[in-house]
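Chemist: Could you have a look at this structure, given as structure tokens, before my questions?
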Amino acid sequence: MQPVQTISSSTVDRAPEQGWQAQLSGAIRNPKALLAAVGLDERWLPGAMGGHEAFEVRVPQAYLSRIQKGNPDDPLLRQVLPLAHETRAVAGYVTDPLEEADHTPAAGLIHKYAARVLMITSGACAINCRYCFRRHFPYEDHAASRAQWHRTLDYLRDDDSLIEAILSGGDPLLSSDTRLAWLVGELDAIPHLKRLRLHTRLPVVIPDRVDDAMLAWLSSTRLQKVMVLHINHANEIDDAVVQACVKLKGAGVTLLNQSVLLRGVNDDVEVLRTLSERLFEAGILPYYLHVLDPVAGAAHFDVPDHEAHQLHDRLREALPGFLLPRLVREVPGAGAKTPVEALDASLTPN
Ligand SMILES: *Cc1c(COP(=O)(O)O)cnc(C)c1O
Ligand code: SF4
């Protein structure tokens with residue numbers, strides 16, 4: 001009877017209340033506001049302030065809305081609320097655990113592995129994860145100018161062993177679509193490149209980032225597209241995230257996920273099993289489960305190798321093979337992510 005109403009209501013359902021940039025600038029940026037928003041009292045403030053000084057708090061509303069109020073142990077809150085532990089120095093936890101500073105042939109470029117390079121497309125993130133292995137990364141040195149971008153692209157053109165360009169960061173999707181469209185166009189024109197990969201958490205933390213402007217450049221490239229999302233707990237996947245994934249798949253993007261194994265967040269077989277199941281429901285395949293990199297300020301998230309290995313063995317029995325992420329660590333100097341099994345095996349007397 002009222003077709004107009006049907007059309008307009010479906011439009012309203014899909015229209016973001018604010019564009020993603022507005023949501024980004026509206027993100028919570030200080031511990032006091034974060035505690036108020038999640039209903040925790042000021043006893044948590046001194047600890048949070050200490051961590052915040054080293055690596056600022058940043059939580060967008062869309063992510064905040066998935067946090068259970070009044071629960072200091074909420075697995076999403078634990079990823080974003082600084083604790084007093086962060087300011088404690090722990091032996092072996094350093095500022096550049098991956099020694100990436102040694103592998104930058106051009107500003108904003110990290111070439112450690114065969115056939116693929118990682119390009120630091122944007123230094124910042126839409127969310128600041130407390131365990132981030134790049135929390136001390138000197139992004140200012142990598143904030144590439146246009147001239148530097150040309151040198152980076154020359155490097156990719158000159159090395160025909162390269163098959164895949166990986167846009168990473170920080171979060172590459174914090175760059176404007178104008179800039180990304182330009183960059184992807186340049187990559188598209190390099191004949192030996194076959195794949196474009198994006199490492200991003202933005203479709204998870206601000207699902208409205210997956211808008212028409214982004215889908216336009218994604219759909220127009222000849223390169224095969226892979227997106228590696230970063231989700232650590234099933235509660236991070238709400239309906240808005242699922243809708244964003246549907247759009248990405250519609251644009252021909254293969255969706256994978258990497259998680260970090262984190263004490264108090266997902267160090268539990270049932271939590272990890274549920275995460276894999278929920279990922280698959282959203283059209284995402286589990287890819288990597290990383291053990292924590294020993295970055296200063298994150299020691300309280302550590303799960304020791306033997307425990308990580310046990311958890312992974314039990315997870316293997318709980319899931320079909322295609323839903324089991326590979327348990328890996330980053331070893332400085334190694335030519336690939338290293339399975340945690342291999343390290344354990346070398347220590348087993350036999
Ligand atoms: C992790 C990483 C990659 C990608 O490794 P895959 O095993 O292909 O996912 C590429 N380059 C660098 C520098 C990395 O750290
Ligand atoms: S989104 Fe990734 S790079 Fe950004 S703070 Fe979180 S873990 Fe670090």
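The values are calculated or read from the model by the stated rules, or taken from the named source; none is laboratory data. This structure is a prediction, so every number in the text was calculated from the model and none was measured. Neighbour counts are summed over all protein chains in view; Cβ atoms, including those assigned to glycine, are modelled from backbone coordinates with ideal geometry.
Residue-wise test of (1) away from ligand 2 (no atom under 16 Å from the Cβ); (2) over 27 Å from residue 207 (Cα atoms); (3) assigned by TED's automatic domain parsing to the domain that holds residue 50; (4) in contact with a Phe, Trp or Tyr (Cβ under 7 Å, 6 or more places away or on another chain).
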| position | (1), (2), (3), (4) |
| --- | --- |
| 246 | yes, no, no, no |
| 251 | yes, no, no, no |
| 256 | no, no, no, yes |
| 265 | no, no, no, no |
| 272 | yes, no, no, no |
| 277 | yes, no, no, no |
| 282 | yes, no, no, no |
| 318 | yes, yes, no, no |
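Chemist: Are any residues in the range 245-276 crowded, with 22+ Cβ neighbours inside 10 Å and hydroxyl-bearing (Ser, Thr, Tyr), and if so, which ones?
Modeler: Across the range 245-276, the qualifying residues are 259, 276.
Chemist: Out of everything in the range 85-133 that is more than 10 Å from ligand 1 (Cβ to nearest atom) and part of a helix (DSSP H, G or I), what residue ends up being modelled with the highest pLDDT?
Modeler: The qualifying residue modelled with the highest pLDDT is 86.
Chemist: Then there is this: Condition test on residue 156, is it surrounded by 15 or more Cβ atoms within 10 Å (Cβ to Cβ) and farther than 30 Å from residue 78 by Cβ?
Modeler: Yes.
Chemist: A further question follows. Here are the criteria: (1) basic (Lys, Arg); (2) surrounded by 14 or more Cβ atoms within 10 Å (Cβ to Cβ); (3) farther than 17 Å from residue 127 by Cβ. Tell me which single one residue 43 does not satisfy.
Modeler: Going through (1) basic (Lys, Arg); (2) surrounded by 14 or more Cβ atoms within 10 Å (Cβ to Cβ); (3) farther than 17 Å from residue 127 by Cβ one by one, residue 43 breaks only (2).
Chemist: Separate question: Output the qualifying pairs, or none if there are none: Cβ atoms under 6 angstrom, residues six or more apart or on different chains, first residue in the range 91-119 and surrounded by 13 or more Cβ atoms within 10 Å (Cβ to Cβ), second residue of a type in the set (Asp, Glu).
Modeler: Here the result reads 97/293; 98/330; 110/100; 116/164, each pair linking the range 91-119 to a residue that is of a type in the set (Asp, Glu).
Chemist: Restricting attention to the range 281-299, which residues are surrounded by fewer than 19 Cβ atoms within 10 Å (Cβ to Cβ) and more than 16 Å from ligand 1 (Cβ to nearest atom)?
Modeler: Those that are surrounded by fewer than 19 Cβ atoms within 10 Å (Cβ to Cβ) and more than 16 Å from ligand 1 (Cβ to nearest atom): 281, 283.
Chemist: Ok, one more. Tell me yes or no: at least one residue of the range 99-115 is touching an Asp or Glu at 6+ places or on another chain (Cβ under 6 Å), assigned by TED's automatic domain parsing to the domain that holds residue 267 and β-branched (Val, Ile, Thr).
Modeler: Within the range 99-115 (the criterion being touching an Asp or Glu at 6+ places or on another chain (Cβ under 6 Å), assigned by TED's automatic domain parsing to the domain that holds residue 267 and β-branched (Val, Ile, Thr)), the answer is yes, since at least one residue qualifies.
Chemist: Residue 204: in contact (Cβ under 8 Å) with a residue 24 or more places away in the chain, in the same structural domain as residue 157 (by TED's automatic domain parsing) and within 22 Å of residue 22 (Cβ to Cβ), yes or no?
Modeler: yes
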